[in-house]
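A quick write-up on the structure given underneath.
The values are calculated or read from the model by the stated rules, or taken from the named source; none is laboratory data. Owing to the predicted nature of the structure, the values given are computational and were not obtained by experimental measurement. Here Cβ is always computed from backbone atoms with ideal geometry, including for glycine, and neighbour counts include all displayed protein chains. These area figures cover heavy atoms from the full protein model, side chains too; ligands, DNA and RNA do not enter into them. Shrake-Rupley method; radii C 1.70, N 1.55, O 1.52, S 1.80 Å.
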Amino acid sequence: INFVLMVNKRGQPRLSSYYEWLSIEERGALEAEIIRKCLSRTELQCSFMEFRGYKVIYRRYASLFFIVGTGQDEENELGILEFIHCLVETLDKYFENVCELDIMFSLEKAHFILDEMLQCGQIVETNKANILKPLQLLDKVSR
Amino acid sequence: IRNVRACKTAAEERAVISKECALIRTSFKEEDSTFRHRNVAKLLFVHMLGYPSHFGQMECLKLVASPRFLDKRVGYLGLSILVQDSPEVLMLVTNSLSSDLSHRNPYVQGLALSALGNLSNPDMLRDLSGQVLKLLSNTNANVRKKAALCAIQIFRKVPDMVEDFVPVVISMLQDRNHAVLLTATTALLEVGREHPSFVRKARKAVPQLVKVLKNLVLSGYAPEYDVNGITDPFLHVQILRALGALGKNHAGAAEAMNDILAQVATNTEGNRNSGNAILYECVRTIFSIDCEDALRVLAINILGRFLQNRDNNIRYVALTMLGKVVSVDKDAVQRHRDTIVDCLRDMDVSIRVRAVDLVFALISQSSIEVLSKEILNFLVVAPPEQKKDLCSRLLDAAINFSPSKQWHIHTLISMMCIAGRNVTADTWQMATALIGQPEAEEFRPQVVHRLFAALNEDASQTGLVYTAVWAIGEFGPVLLQPAEKFEGDGYYDALSEAEVLELLEKTRRRHDSTIIARSMIMNAYAKLYVRFSESQAHISELLHAYRSSMNLELQARSCELSTLVASQIDDSWLAQMPVPTDEEMALRRVTASQNSDEESSLGGGSDSEESSSEDSDASSDDEAAKKAARRKAKAAKKKAGGSGAGGSSNELLQFDDIFGGGGGSGNGGAPAAGATGAGAGAGSGNQMDLLADIFGGGGGGAAPSAPAPAPSAPMPSSGGDDLLGMLGGGPASQPVGESFPTLNAFEKNGIKVTMNFARGPGDKQVVVSATYSNSNSAPVSNFLFQAAVPKFISLKMEPPTGNALAPFGGGQQQQRINLVNSMQGTKPIVMKVKISYSMGGQDLVEQATVQGFPMGL
């Protein structure tokens, strides 16, 4: 997996995590183009796209687009869709009825969760209890 | 963040952010440690929005060094996001990382591991790999799983350490924790894929993997890992992938997997996405190892089921997979042909793209007619960028598989009717060749009628226009009789000569007709003059159309052709032209693809590097002129229309540009830049050159001052001679009279070029006979002599007698070069030459300036 983005419907990135180095201008351009393509697709079209050598898998949850980009021919697309869903469920469990604002205001927590699940571009953990344990500990300590 | 959100405009946002950054910077300077982590978190947000945030990098380092967990956490996060590209900063972190890796607290260790993995700087990894190896066997599962992922990064960046890690990773497979299993499997997958030298070791893991998978499949309900009824689909998928990577090319491993693959394929439920994901991965694995046929059949059946699923995602995935399978097993995929063809009409563009690829792969002798109809339908709705690609692929398919010439021609015509604007020169050249071939005689009337009707309907498709105009010109009389339509849909009525001429005139007058089209129409008139006996007066009038045109090519043609028909014309001059056979066309296409194959749309003339063209034998001036013109067209960035090349005829005589790759300059710009690209590479010299000439309407004319030139009108070719006998005097006959000293133009490495001069019959014309000889002990082949002259001289080169120079001075070749020095007497001739040849397996190129031409020439 090369990158994970959460972009809202107006094109503003809410979370971006890159697993290979891209300069800031490249990132901006990439995000803008991808969100434009995603926005122009309808419900009936499939969730996979090819873009600039990446395979892009996306899914829309309420006002946020969850976008995952992988290299060509590497990942199982259906599996990644499952992963996106798992991610959303984990965020939901932690934030209780997560919405876009939650992610915006606790950006670093969202990053922590994502980092527990995805490391160096590979899926590490999908068990919600295990993912959230360090975070819950952290919260307890800093109270 | 709330403030930023409240901004209404981008400028406001920038203001808020810069204020905040200033505050952050001051607070950093004050070394305030309590709020440092908050500030860095703010910086993360800022960075995500795209603003520069590098001043926070040192702060991240300080955070990492702090003993508080929260600080460390934010510090590492900041590091991974903000600092990825500066290795110097990263080196400073290595120390903290190292101490954190041996920390008591497993969470800290975990943190350090993930940071190390994400940063993946090769030096850091190398230094710390020892510690990572130890941590792979740590008691805490958390730590183990992260260590495994770190190991993957090590595999990627520091490949020599793979050996040490593999056995430990394999032992991790005994673990019960799914996450550890997952990461260990991923590590093995990585080894299997990227490090084939260690695969043997990793293969020992296969039985263990199979066992784990079996447990997974058979295990009961496990709540933490359950997704829609399937236990841990992620682990399923990873194991399958690892099996695929490890079992590749290894029959033993493949055998061990057969049972479990069959079991997974049959038992997994496909009604939820997770199940489908597993099935998909199973299919992928089956096709990457060589397994027994039963499994393959099973896999294709699964794909067939996917294709019929209503969910677009699943269909997309199935089409992708089928695309890969089709190269292995075509017949199995044929069964699903109808479904695939349906996908061509789907609303979803991703699916359509995949379906098109598949359809092309499926085309075979039996299915071509049906499938090409589908593709033509698709062509109508395809986006313009895709059209060109589709056309060329369809062209290839048609050449390989077409059942009959008649069908071939009609398909090409249909293609041009839909996308004539986007086809390459290949297409209409092929079409014209096919129409002209003698085998096409019986259905020629119907073809020409069809072209006429198509042209009448829509003259904006350039490819179609060229083909139609050419066909009407060549075979005009056929239109005067009725003909049956292709596939028997009725009859075309007979037309009168006036109607034919009217259509041509209408096409000519269109505002968007290209220069090439207009030139071809002029040619067509000339041909029809001979063929249509009643309308000769009308045609002579029509030929006057461009007598005073600003475009040199058009004016030349108009004047020349008018004069031609007005003088005593012999019918044989405008008789039917000989057409290349299939083998010759194939040869052309091969050399064209070696040369500049990038003729995008017609007349545009974008081309690849000219250096490859030196291999071809093209050395006539027309070829060179076209190449030069094409380069000009490219440099001037003129689009389809060809007018660029036509208009830049003056620049053809530019010294250095020609030398960029072309060769001698012709004159009267060869506007058919794009068109003749394919023709340029023809093998056998004269005949081909002329034909290429005709196709493109190249500037075959001599100096514009000459009254009746070697016209570009079609003629029975015979070695480049002028059409009208009266011109024979010039180039053909040996110049006599004044004698000039022989000039040693070039001598180097045993290759010698000598030139003999004589005055030509034309005004200020000089005829140069160049002789090439080779005094080396090795023979020379592919000898190519190119010359460029300054603007005031015009150059025309005839083809040489041959390209091979035998050693020791035997086997000399000669070439005649015509020069017209408009400043004869005031300025001497200067010439730059470029010689390329192959000797002893090497390709050599020499350049030189030739001086010492006799004065008065």
Review point. Residues of the range B:150-183 with accessible area at least 40 Å² lower in the all-protein-chain context than alone (1.4 Å probe)?
Key: B:Leu182
Practice item. Starting at the first residue of the range B:238-246, write each ³J(HN,Hα) from the Karplus equation 6.51 cos²θ - 1.76 cosθ + 1.60 with θ = phi - 60°, in whole Hz, x for Gly and Pro. Key: 5, 5, 4, 5, 4, 4, x, 5, 7
**Study point:** Span per principal axis, largest first, for the Cα atoms of the range B:360-446 (Å)
**Key:** 37, 29, 19
**Study point:** lysines whose Cα lies under 21 Å from that of B:Lys157, excluding same-chain neighbours fewer than 8 positions away
**Key:** B:Lys134, B:Lys145, B:Lys146, B:Lys201
Point to revise | At least 30 Å² accessible surface lost relative to isolated chain, residues of the range B:248-283 (1.4 Å probe) | key: B:Asn273, B:Ala277, B:Tyr280
Point to revise | Solvent-accessible area per residue for the range B:427-531 (1.4 angstrom probe, square angstrom) | key: 35
Study note, to complete from the structure: Given a Förster distance of 25 Å, the FRET efficiency implied by the Cβ-Cβ spacing of A:Arg60 and B:Ile1, rounded to the nearest 0.05, works out to 0.60
Check your understanding: For the pair B and A, how large is the buried accessible area, both sides, in square angstrom to the nearest 100, if the probe is 1.4 Å?
Key -> 5300
Practice item. For A:Lys93, list the lysines whose Cα falls under 21 Å from its own Cα; do not include residues on the same chain fewer than 8 positions away. Key: A:Lys109, A:Lys128, A:Lys133, A:Lys140
**Study point:** Accessible surface of the range B:295-379, 1.4 Å probe, proportion on carbon and sulfur as whole %
**Key:** 49
Point to revise | Span from the the range B:545-565 Cα centroid across to the the range B:239-318 one, whole angstrom | key: 69
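For the range B:741-851, with every protein chain kept in place, what is the accessible area per residue (1.4 Å probe, Å²)?
Each residue of the range B:741-851 exposes 42 Å² on average to a 1.4 Å probe.
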Practice item. For chain A, report the accessible area per residue in Å² (1.4 Å probe, heavy atoms, rounded to an integer). Key: 39
Point to revise | Cα centroid separation - the range B:397-459 against the range A:27-63, whole Å | key: 41
Check your understanding: How far, in degrees from 0 to 90, does helix A:24-39 lean away from the longest principal axis of the Cα atoms of chain A, to the nearest 10?
Key -> 80
**Study point:** the range A:1-114: relative contact order as a whole-number percent, Cα under 8 Å and 6+ apart
**Key:** 28
Practice item. Calculate, for A:Arg52 and A:Lys9, the FRET efficiency according to 1/(1 + (r/R0)^6) with r their C-beta to C-beta distance and R0 25 Å; round to the nearest 0.05. Key: 0.70
**Study point:** Cα→Cβ-extended label distance, 7 Å offset, between B:His250 and A:Lys93, nm
**Key:** 3.6
Check your understanding: So which residues in the range A:113-127 end up with at least 30 square angstrom less accessible surface once the other protein chains are there, compared with the chain by itself, probe 1.4 angstrom?
Key -> A:Asp115, A:Glu116, A:Gln119, A:Cys120, A:Gln122, A:Ile123, A:Val124, A:Glu125, A:Thr126, A:Asn127
Review point. For the range B:114-178, treating each Cα as an identical point scatterer without solvent, what Debye log10 I(q)/I(0) comes out at q = 0.14, 0.22, 0.25, 0.27 1/Å?
Key: -0.35, -0.85, -1.07, -1.22
Point to revise | Partner chain coverage, peptide B:341-347 - average Cβ within 10 angstrom | key: 1
Check your understanding: Looking only at other chains, what is the average number of their beta-carbon atoms within 10 angstrom of each beta-carbon in A:7-15?
Key -> 1
**Study point:** Coil-residue GluC sites (Glu not before Pro) of the range B:452-492, DSSP, other Cβ within 10 Å capped at 15
**Key:** B:Glu487
Review point. In nanometres, what is the gap between the two model label sites at B:Ser533 and B:Glu439, each 7 Å from Cα along Cα-to-Cβ?
Key: 3.4
Exercise for review: Determine the distance separating the Cα centre of the range B:336-382 from the Cα centre of the range B:55-84; give it in Å without decimals.
Suggested key: 54
Check your understanding: What chymotrypsin sites (Phe, Trp or Tyr not before Pro) in the range A:1-47 are in a loop by DSSP, with at most 16 other Cβ atoms within 10 Å of the Cβ?
Key -> A:Trp21
Review point. Using the Kirkwood radius built from alpha carbon pairs, what does the Stokes-Einstein equation give as D for the range B:480-567 at 37 °C and 0.692 mPa s, in µm² per second?
Key: 235
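Can you give the FRET efficiency to the nearest 0.05 for B:Arg337 and B:Arg176, using r as the Cβ-Cβ distance and R₀ = 51 Å? Show your work: numbers first, answer last.
On the way: r = 48 Å, r/R0 = 0.94.
The formula returns an efficiency of 0.60 here.
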Review point. For labels at B:Asn271 and B:Ala494 in the simple 7 Å Cα→Cβ model, what's the distance in nm?
Key: 7.2
Practice item. Work out how much length B:Asp127 to B:His103 would gain on full extension: take 0.36 nm times their residue separation and subtract the Cα-Cα distance, in nm to one decimal. Key: 6.9 nm
Point to revise | 10 Å Cβ neighbours from other chains, averaged over peptide B:296-308 | key: 0
Point to revise | Full-stretch length increase - B:Lys506, B:Asp357 - with 0.36 nm per residue and alpha-carbon distance subtracted | key: 49.7 nm
Exercise for review: Could you check how much of the accessible area of the range B:1-104 is carbon and sulfur, as a whole percent, using a 1.4 Å probe?
Suggested key: 56
**Study point:** Principal semi-axes in Å for the range A:1-78 [√(5λ), Cα gyration tensor, largest first]
**Key:** 17, 16, 11
